Amino acid sequence: MSNMTSAPETLTRPDGTAVRVLVVDDEQMLADLLASALRYEGWEVTTASTGISAVKAAKEIDPDVIVLDIMLPDFDGLEVMRRIHGHSPSIPVLFLTAKDAVEDRVAGLTAGGDDYVTKPFSLEEVVARLRALLRRSGAGEDKPASLLEVGDLRMNEDSHEVWRGQDEIRLTATEFELLRFLMRNPRRVLSKPQILDRVWNYDFGGQANIVELYISYLRRKIDKGREPMIHTMRGVGYVLKPAQSAPQGTGA
C-alpha cells in the first residue's frame, strides 16, 4: 500500500467541522493504516474491529461515511450495514473485501452499499472513493438549499430530502445521486454510459448492470403503487418524466 505524499484541499462538513469516518476492520494494522491516511485528510476517524462495536460506534458518532470490511469475527459487514442503516439509512458505505468475485460485489451493493474496493488496495484509491461518496451524500458542501421538482416529485439538494406527493422517500447516497441526475435532466433520455460517468465517476469495470440495479431500487421507492415516472427506452437509456396525473414541475 502506498503512502500519501501531498495534502489535497480539506473536505469538511457544511458547518466547518471535520468529516467523520468510521473504519471497521478486524486487521488492526490495516485499520491503523487507513485511520492514519484519513486523519491526514483532516478527517475525524473512529475505528472498530467487530460488528457489535461498529454498530455501537455508528450510533455514538453519527459518521458521514463508513469503511466496512465484509469479513468480521462476529457477524459480517452486510449485517453491520443493515443494522446501521436501520437507524441511519443515508450513511454511504465503502466495502472492503478480499474476494474478487462479482457475486460478492453485487451482494454488497444490493444490500445498500455504495461502493467497494478489493484488497489489496492503495490508500489513495480509498481516499478518492471516500471523497466521491462524501460529495454524493452532501458532506463537504456548504451551499444554499436547492429544490428540484419534476411533477409531484421534489428533492431538496441541501437537506437530502425527497418527496413523492406527500410521501417522504428515504434514499441511500447513491440512490439520491442517481435520482438527482435524472431530475436535473427531466424528459431527457440518459444512456447507461452517461449515468455511469456522472454517478459512478470512475471506471466501474464496464459493469453497466449496476445502473439497471439502482434504477430498479429507485423504481421500488419512487414508482411502486403510483403512476410511473422512470421509463426505460430500450437500447437507449432511461428517462424521468412527470406522471400525467401529477402537477407539472420543472427540473433545475
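For Arg198, project a label point 7 Å along Cα to C-beta. Then give me every residue of the range 173-191 with its amide nitrogen under 14 Å of that point. Within reach of a label on Arg198, which here means backbone N under 14 Å from a point 7 Å along Cα→Cβ, the range 173-191 contributes 175-191.
At q = 0.15 Å⁻¹, what log₁₀ I(q)/I(0) does the range 20-137 have when each alpha carbon counts as one equal point scatterer in the Debye sum? So the normalised log intensities are -0.56. Note: relative contact order over the range 147-240, using C-alpha pairs below 8 Å and six or more positions apart, is 26 percent.
Each of Lys241 and Lys221 was given a label point 7 Å from its Cα along the Cα-to-Cβ line. The distance between the two points is 2.4 nm.
Taken together, the values in this text are just the output of simple stated rules run on the coordinates, not laboratory data. In this text the structure is predicted, and so the values were computed from the model without any measurement. Positions of Cβ are generated from backbone atoms using ideal geometry, with glycine treated the same way; all protein chains shown enter the neighbour counts.
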